[in-house]
Amino acid sequence: MEASEIKKILKRLSCERENSVIGNLARGNMVRKSMGRQYEIDDVEIERRLGDFPGGVIPYGPIYRALRNPKGDELMNIFGGSSEVPFSRVYEAGVGECLEKAILVQLAAQKGVDVPFLISGSLCEDGDFADFHAFNIIFRDGKPFLLDVQNPLSVSDGIVTHPYIAPVEDLLGQDYEFKVPNEWRQGRTYAIF
């Protein structure tokens with residue numbers, strides 16, 4: 001499938017499945033977490049706190065390091081009984097999983113030339129459903145790439161040595177599975193939920 005067709009499908013899905021495929025994030029936008037909880041995007045420049053990067057550059061390693069996986073109910077405690085919280089509160093707490101990292105990627109990438117997409121979908125590993133998962137589709141030089149900050153290929157002493165960035169060849173089936181070249185799969189299958 002041509003890259004332009006993939007982008008066209010993602011744009012259409014961002015209207016039809018607005019909680020599953022998100023184009024640009026703006027101040028005041030809500031991003032659904034789970035169980036009726038959601039984040040309000042209150043600072044569209046929040047990724048700038050990670051460092052001074054040129055517009056559109058995705059600071060993969062700094063995003064990975066900025067948000068550690070929460071222990072116990074840390075993320076739930078941030079909500080404190082509320083159904084929505086400002087995203088900056090999560091960033092300041094320094095905790096986050098795939099969705100929180102994907103939001104930071106989205107905010108950084110959307111300052112570039114091509115429209116990126118934040119995807120709420122699923123991750124299967126070796127053919128078995130692993131989990132609901134958030135990741136990003138970015139475009140560089142018009143070509144689509146799947147970027148998963150939560151699950152880099154290799155980390156050494158807290159430093160990402162091999163990120164997971166795979167070229168996207170196609171979107172398959174009703175679940176819109178992202179087809180990547182076999183040498184990039186690593187036993188993973190990503191799809192839109």
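The values are calculated or read from the model by the stated rules, or taken from the named source; none is laboratory data. These figures come from a predicted structure and were not determined experimentally. Cβ sites come from the backbone with ideal geometry, for glycine too, and all protein chains shown count toward neighbours.
Within segment 148-175, being under 20 Å from residue 9 (Cβ atoms) and crowded, with 21+ Cβ neighbours inside 10 Å holds for 148, 166, 168.
Residues of segment 24-35 that are under 20 Å from residue 176 (Cβ atoms) and either surrounded by 17 or more Cβ atoms within 10 Å (Cβ to Cβ) or in contact with a His (Cβ under 9 Å, 6 or more places away or on another chain) (or both): 31 alone. Tallying residues that are part of a strand (DSSP E or B) and in contact (Cβ under 8 Å) with a residue 24 or more places away in the chain within segment 174-193 yields 6. Restricting 112, 96 to residues that are at pLDDT below 95 and buried (at least 22 other Cβ atoms within 10 Å of the Cβ) narrows the list to 96.
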